[in-house]
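The values are calculated or read from the model by the stated rules, or taken from the named source; none is laboratory data. Computed from a predicted model, the values in this text were never measured in an experiment. Here Cβ is always computed from backbone atoms with ideal geometry, including for glycine, and neighbour counts include all displayed protein chains. Note: accessible area is taken over every heavy atom of the protein model, side chains too, but ligands, DNA and RNA are not part of it. Shrake-Rupley method; radii C 1.70, N 1.55, O 1.52, S 1.80 Å.
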Amino acid sequence: MLPSMTSEPEQQIGVGTQDAFQRLWTPHRMAYIQGENKPTGPGADDGCPFCSIPAKSDEDGLIVQRGAQVYAVLNLYPYNGGHLMVVPYRHVADYTDLTEPETAELAALTKQAMTALRTASGAQGFNIGMNQGSVAGAGIAAHLHQHIVPRWGGDTNFMPVVGHTRVLPQLLADTRKMLAEAWPTA
């Protein structure tokens, strides 16, 4: 327990029944919940963040690596620390619409991302995949992106399961810098 924490329940007048739970507030998640930065339509000019990110600096866009056809970027609303996405520059929704060079580079950057995450953070496993279409859970269905989520033994605890909260131990800018430095050379 942290020195500033107490095992005694904190009385919170007017917020319900007193209990022994500590509260971890994550107000930054409201941006995601409320759909901030979501495209207004399916086109590249409809506010697609994946189309606008490459025009930013690597630091401002949270880009870890740029390829000729695709780029690797940190997820702004990560499931775990180091959660990356590999995204084609071209605004395309369906995996079957990728060109052969795009498909090959997406695979290559995914492998490099795994290597970088193992080097930088000792990742012991990964969840890798893409949600095709909004009914399959794609938050931005109009622009294909593959998720690479690093995993460690014991990283699934009560927070995501019971508390519907993710605990991230590092700022995204620091994670981006750490992974960029650990990215393997081709």
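Going by what's in this entry, would residue 44 be described as surrounded by 14 or more Cβ atoms within 10 Å (Cβ to Cβ), over 23 Å from residue 126 (Cα atoms) and not β-branched (Val, Ile, Thr)?
yes
Pull up segment 93-104, narrow it to residues that are under 23 Å from residue 136 (Cβ atoms) and not in a loop (DSSP other than H, G, I, E, B), then point me to the one that is least open to solvent (accessible area, probe 1.4 Å).
So, considering only residues that are under 23 Å from residue 136 (Cβ atoms) and not in a loop (DSSP other than H, G, I, E, B), the one least open to solvent (accessible area, probe 1.4 Å) is 102.
How many residues are modelled with pLDDT of 95 or more and within 23 Å of residue 139 (Cα to Cα) when one looks only at segment 106-127?
Residues in segment 106-127 being modelled with pLDDT of 95 or more and within 23 Å of residue 139 (Cα to Cα): 6 in total.
Is there a residue in segment 158-181 that is among the small types (Gly, Ala, Ser), at pLDDT 90 or above and part of a helix (DSSP H, G or I)?
yes
Taking residue 133, is it surrounded by fewer than 18 Cβ atoms within 10 Å (Cβ to Cβ) and over 21 Å from residue 177 (Cα atoms)?
Yes; evaluated as a whole, the condition is true for this residue.
How many of the residues making up segment 60-92 are touching a helix residue (DSSP H, G or I) at 6+ places or on another chain (Cβ under 7 Å) and not in a loop (DSSP other than H, G, I, E, B)?
The qualifying residues number 13.
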